[in-house]
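Note sheet for the following structure.
The values are calculated or read from the model by the stated rules, or taken from the named source; none is laboratory data. Here the structure is a predicted model, which means the values were calculated and not measured. FYI the Cβ positions are ideal-geometry reconstructions off the backbone, even for glycines, and counts take in every protein chain you see.
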Amino acid sequence: MALAPAPSAAEPTVDSRSRARRLVAPLATAAGVIAATGYIRFVDPNEPGHYPMCPTLALLGIDCPGCGGLRATHALANGDIGAALDHNALFVALVPLLIGLWAVWAYRAWTGVTPARTPARDRVSRAAPIVILVIAMAFAVVRNFVPYLASGAG
């Protein structure tokens with residue numbers, strides 16, 4: 001009795017679900033982000049009482065890496081890139097990356113093919129969260145010690 005050969009590690013993964021089923025998660029995510037952004041566009045976070053205060057800012061009096069994210073989203077949704085950069089430059093810098101990652105996800109869902117895992121891809125997958133965390137923490141430290149880099153909240 002001969003055993004079927006095991007797929008090699010260098011072969012891409014093919015998702016056998018229907019295209020419609022594969023696209024549910026990326027399209028639902030896009031719809032949620034669009035709806036939330038639309039809400040933030042029309043309900044100004046610069047006006048008190050609409051959104052809760054950042055716990056880090058409320059308890060410690062310092063800006064966390066996400067402070068100013070709602071105000072930056074509001075500014076971007078209204079076309080004011082300068083104000084968005086003033087509120088949270090890291091968020092503004094990450095928006096194109098997040099859109100690109102969503103596009104890759106949607107493309108893979110559309111085609112049903114995920115590229116093969118390689119040692120290089122595994123290294124990037126392990127290092128990326130650490131790099132993002134270090135950048136976010138460095139941004140938090142710098143924005144709290146350089147006055148003109150604060151989130152513009154006060």
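Screening ALA30 against (1) closer than 15 Å to ALA72 by Cα; (2) under 16 Å from the mean Cα position of the chain (by Cα) leaves a single unmet condition, (1).
More than 30 Å from GLU11 (Cα to Cα) and out of contact with any Gly (no Cβ under 9 Å at 6 or more places or on another chain): does that describe GLY61? Against the criterion (more than 30 Å from GLU11 (Cα to Cα) and out of contact with any Gly (no Cβ under 9 Å at 6 or more places or on another chain)), GLY61 qualifies.
When only residues in segment 44-59 that are of a type outside the set (A, V, I, L, M, F, W, C) and not in a loop (DSSP other than H, G, I, E, B) count, which is farthest from MET137 (Cα to Cα)?
Going through the qualifying residues, I end up with PRO55.
Going through ARG108, ARG71 one at a time, which residue ends up being touching a strand residue (DSSP E or B) at 6+ places or on another chain (Cβ under 9 Å) and either modelled with pLDDT of 90 or more or in a helix (DSSP H, G or I) (or both)? Before the answer, list the steps.
Numbers: ARG71 fails: touching a strand residue (DSSP E or B) at 6+ places or on another chain (Cβ under 9 Å).
When all the criteria are applied, what remains is ARG108.
Applying a threshold of 9 Å to beta carbon distances and a minimum spacing of six or more residues, or different chains, the list of pairs starting in segment 93-122 at a residue that is farther than 28 Å from PRO65 by Cα and ending at one that is aliphatic (A, V, I, L, M) and surrounded by 11 or more Cβ atoms within 10 Å (Cβ to Cβ) reads ALA109/LEU23; ALA109/VAL24; ALA109/ALA25; ALA109/LEU27; TRP110/LEU23.
The sole residue among TYR39, TYR51, TYR107 that is of a type in the set (Ser, Thr, Tyr) and more than 26 Å from ALA25 (Cα to Cα) is TYR51.
May I ask you to list the residues in segment 78-104 that are buried (at least 16 other Cβ atoms within 10 Å of the Cβ) and in a helix (DSSP H, G or I)?
Pass one, segment 78-104, residues buried (at least 16 other Cβ atoms within 10 Å of the Cβ): 83-92, 94.
If the condition is that a residue be buried (at least 16 other Cβ atoms within 10 Å of the Cβ) and in a helix (DSSP H, G or I), then ALA83, ALA84, LEU85, ASP86, HIS87, ALA89, LEU90, PHE91, VAL92, LEU94 are the ones that fit.
The listed residues are ASP80, ASP86, and the only one of them that is charged (D, E, K, R), in contact (Cβ under 8 Å) with a residue 12 or more places away in the chain and under 27 Å from PRO55 (Cα atoms) turns out to be ASP86. The condition of being of a type in the set (Ser, Thr, Tyr) and more than 19 Å from the chain's Cα centre (by Cα) holds for only one of THR73, THR37, THR56, that being THR56.
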